[in-house]
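Following: one structure in structure tokens, then a few remarks.
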Amino acid sequence: MSDHRVHAGYSFDSHSEADTDVIGRRLAAALLPGITVALDGQLGSGKTCLVRSVCRGLGADDSQVNSPTFVLMQTYADGRLPVFHFDTYRLGDVDEFLAIGAEDYLLDPEIVCFVEWAERVEPVLPADRLTISIEQTGEHSRHFVFRASGNRSATLLRQLGSSE
């Protein structure tokens, strides 16, 4: 039986893109295949910047990482783990997300999914996921809060916290 409680969180304050790159690379080192990462934060909060840093940490070509706002999904498959990057900002409802085949990716045990604006499609996201809330605290500073909601994401969170 899986554990669907929200586990203790982890927070990180970034004062620059270089700091965000540090946490992105640490997250990349801890990532497991089959994990979904839900990203929440206002426009310009750094969701795509974080995904770019994670891809860099996975050894993927980070120059290809951009916000998939208009295409809904980007794939970065040239690193240690294939990354599927969704942006649900322009979707009208959960059904539109499912219509692009998102559920197949979210349930794939071999890949990692990042979902920007995750709160818009929360009902169909895996129960066990890592949620990262990003708050813009200044022009270049951000406050990241990481929360796990199951056993696998809690393992990831523990590894992330111990990599400091």
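Every number in this text was worked out from the coordinates using simple rules, so none of it is lab data. Since we're looking at a predicted model, the values are computed, not measured. Heads up, the Cβs are rebuilt from the backbone with ideal geometry, glycines too, and the neighbour counts pull from every protein chain shown.
Taken along the Cα-to-beta-carbon direction at a fixed 7 Å, the label points for V145 and L98 span 3.0 nm. Annotation for S11 and T137: the two label points, set 7 Å from Cα along the Cα-Cβ direction, are 0.7 nm apart.
Could you calculate the FRET efficiency of R80 with A127 from 1/(1 + (r/R0)^6), where r is the beta carbon distance between them and R0 is 25 Å, rounded to 0.05? Once rounded, the FRET efficiency stands at 0.50.
Does the range 10-162 classify as rounded, prolate or oblate by the C-alpha gyration tensor (a ≥ b ≥ c root eigenvalues; a/c under 1.5 gives rounded; else a/b over b/c gives prolate, otherwise oblate)?
Details: a/c = 1.34, a/b = 1.21, b/c = 1.11.
Since a/c stays below 1.5, the shape of the range 10-162 is classed as rounded.
What separates the Cα centres of the range 136-164 and the range 66-116 is a distance of 20 Å. Residue exposure proxy: S162, S141, S149, S45, ordered by other Cβ atoms within 10 angstrom of their Cβ from fewest to most, comes out as S162, S141, S45, S149.
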